[in-house]
Amino acid sequence: DHITGSGLLKEEFRNCRSVIGLSGNENAVADIKVEDNTTLSVDSIEFQIRHTPGHTKGCITLVNHEYKYALTGDTLLIQGCGRTDFQGGSSEALYDSIQSSILALPDDYELWPAHDYNGRSVSTVLEEKEFNTRARLSKREFIDFMAKLNLPYPRKIDESLPANLKCGLYDLPERFQWYMNQKEQEQTDGAIIDHVVQVEPSVQLVNDVRQNKYYVLDVRDPDELVAGTQDSLLLPGYHNIPLADLGRDNYPAISKGEPILLVCRSGIRSQQAGKVLSMLGFTQLYNLAGGAIKWGRQVYD
């Protein structure tokens, strides 16, 4: 009954991609849908995909053989397992997934579940074989055990499931719609947040930038500034210092009293940069509300 944050991450980080299993998730939206027994590469890290249905029809487990660990989601928890009484769950399928796809790994592999309500983070295949009482049952015993749990229906599952089919950005309950709109509501023209003035993209702002009335500081990472997409639009005369590099005495050319227009993809990181610069003594800080995305839509559309 949790709503995914993948959509928010995708809004802020241009190279972020959402990944789900192909089987069982036919009606869900994601950038990448992976098939069983294929490989997913994340930079230099490779995961073997194992389709592990049971808690839901679409659950997967990610296995990294180089470093000997698996991300088990809600399929296998520490000394427990996911419930099977909703969302296409199946006790029979869950038992097969646990035994054939997870506990079949070498005993020294670490197992990292999606969460644990007792403050634990990691177990091992051997520990689960020894201490997970559900995993030690026979298949018939396991199915009977799961059928008798009589767990209460999750309070928020009916509002979470539709949202999770669309990266947590659409079909949201009203209280989350308000949260999703909060950034735009806060970043209105002239508003001051943490000593940083919010400025909306406009023709006047374009003219001011072209006349060098601002020191334009783009805090995106260099690989985000590659031309070719609306999200990578660059303001005239920009200077680039990534957010992570601020505070390293790498802006000697900027006067602390000079007007600085801060830019990123969506206006979030640039606002954070403004907070950093304010603490360092810079006094005329302006955040491009909505970032390069809004700049492109309002100025060039």
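Worth a mention:
- Only listed residue being modelled with pLDDT of 95 or more, open to solvent by 70 Å² or more (accessible area, probe 1.4 Å) and of a type in the set (Phe, Trp, Tyr), chosen from Tyr67, Tyr117, Tyr153, Tyr109: Tyr67
- Residue check for Ile78: buried (at least 19 other Cβ atoms within 10 Å of the Cβ), at pLDDT 95 or above and within 25 Å of the chain's Cα centre (by Cα): yes
- Of residues in segment 38-94 being in contact with a helix residue (DSSP H, G or I) (Cβ under 7 Å, 6 or more places away or on another chain) and charged (D, E, K, R), the one nearest to Tyr153 (Cα to Cα): Glu92
- Selection within segment 88-106: residues that are of a type in the set (A, V, I, L, M, F, W, C) and over 26 Å from the mean Cα position of the chain (by Cα). The member of this set that is most open to solvent (accessible area, probe 1.4 Å) is Ala104.
- Only a single criterion out of (1) polar (S, T, N, Q); (2) surrounded by fewer than 17 Cβ atoms within 10 Å (Cβ to Cβ); (3) assigned to a loop (DSSP other than H, G, I, E, B) is not satisfied by Thr84, namely (2).
- Residue tally, condition in contact (Cβ under 8 Å) with a residue 40 or more places away in the chain and either aromatic (Phe, Trp, Tyr) or in a strand (DSSP E or B) (or both), over segment 23-55: 2
- Cβ separations smaller than 6 Å between residues 6+ apart or across chains give the following pairs from segment 144-158 residues that are among the charged types (D, E, K, R) to residues that are assigned to a loop (DSSP other than H, G, I, E, B) and open to solvent by less than 80 Å² (accessible area, probe 1.4 Å): Lys156/Asp1.
- Only one of the listed residues (Thr61, Thr75) is among the hydroxyl-bearing types (Ser, Thr, Tyr) and in contact with a Lys or Arg (Cβ under 6 Å, 6 or more places away or on another chain). That residue is Thr61.
- Test: residue in segment 44-51 that is open to solvent by 60 Å² or more (accessible area, probe 1.4 Å) and under 20 Å from Ser6 (Cβ atoms): yes
- Breaking point among (1) more than 30 Å from the chain's Cα centre (by Cα); (2) modelled with pLDDT under 95; (3) surrounded by 13 or more Cβ atoms within 10 Å (Cβ to Cβ), for Arg134: (2)
- Among the numbered conditions (1) in contact with a His (Cβ under 9 Å, 6 or more places away or on another chain); (2) over 29 Å from Leu151 (Cβ atoms); (3) open to solvent by less than 80 Å² (accessible area, probe 1.4 Å), the only one that Lys33 does not meet is (1).
- Segments classed as helices (runs of 4 or more DSSP H), wholly inside segment 201-301, with at least 3 members that are at pLDDT 80 or above and open to solvent by 40 Å² or more (accessible area, probe 1.4 Å): 203-210, 268-279
The values are calculated or read from the model by the stated rules, or taken from the named source; none is laboratory data. What you see is a predicted model; the values in this text were computed from it and never measured. Please note: Cβ atoms are built from the backbone with ideal geometry, for glycine as well, and neighbour counts cover all protein chains shown. Areas reflect the complete protein model, heavy atoms only, side chains present, ligands, DNA and RNA absent. Shrake-Rupley method; radii C 1.70, N 1.55, O 1.52, S 1.80 Å.
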